[in-house]
Amino acid sequence: MNATTEDQHISVVRQRLARRFPTMDSGVINQAIDTAHHKFDGRPVRDFVPLLVERAAIRSLTDDT
């Protein structure tokens with residue numbers, strides 16, 4: 001997966017989580033996504049990163065509520 005495609009997928013994750021957590025501040029959602037995304041920096045296989053980021057962000061957002 002190239003960076004542009006990964007960035008596009010992460011953008012879709014942002015939209016999906018904003019719909020899933022409509023009352024949550026977008027900054028909190030973005031922070032959860034960014035934190036999860038950075039955990040995969042430097043990893044060679046990128047194909048599943050957006051899915052893993054979404055799952056980690058959901059865990060983070062639901063643990064905090």
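The values are calculated or read from the model by the stated rules, or taken from the named source; none is laboratory data. From a predicted model like this one, the values you see are computed outputs, not experimental measurements. Cβ placement follows ideal geometry from the backbone for every residue including glycine, while neighbour counts extend to all protein chains displayed. Protein only, heavy atoms only, side chains kept; ligands, DNA and RNA dropped before computing areas. Shrake-Rupley method; radii C 1.70, N 1.55, O 1.52, S 1.80 Å.
Computed values, structure above
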| read-out | value |
| --- | --- |
| Nitroxide proxy distance, nm - points 7 Å out along Cα→Cβ at LEU51 and GLN31 | 2.9 |
| 0 to 90° range, to nearest 10: angle between helix 26-38 axis and the chain longest Cα axis | 30 |
| Within the chain, helix-based [θ] at 222 nm, where runs of 4 or more DSSP H residues each add -39,500 (n - 2.57), nearest 500 | -24000 deg cm²/dmol |
| Label point distance in nm, PHE40-THR23, each placed 7 Å from Cα along Cα→Cβ | 3.0 |
| Cα gyration tensor shape for region 1-43, rounded if a/c is under 1.5, else prolate or oblate | oblate |
| Sparse-neighbour loop sites [trypsin sites (Lys or Arg not before Pro); the chain; at most 15 other C-beta within 10 Å; DSSP] | LYS39, ARG46 |
| Contact order relative to length of the chain, as percent, for alpha carbon pairs under 8 angstrom and 6 or more apart | 41 |
| Accessible surface of the chain [probe 1.4 Å, protein heavy atoms]: carbon and sulfur percent | 52 |
| Surface accessible to a 1.4 Å probe, per residue, for the residues of the chain, Å² | 68 |
| Local electrostatic count at THR5 - Lys and Arg +1, Asp and Glu -1, tallied over other residues with Cβ under 12 Å | -2 |
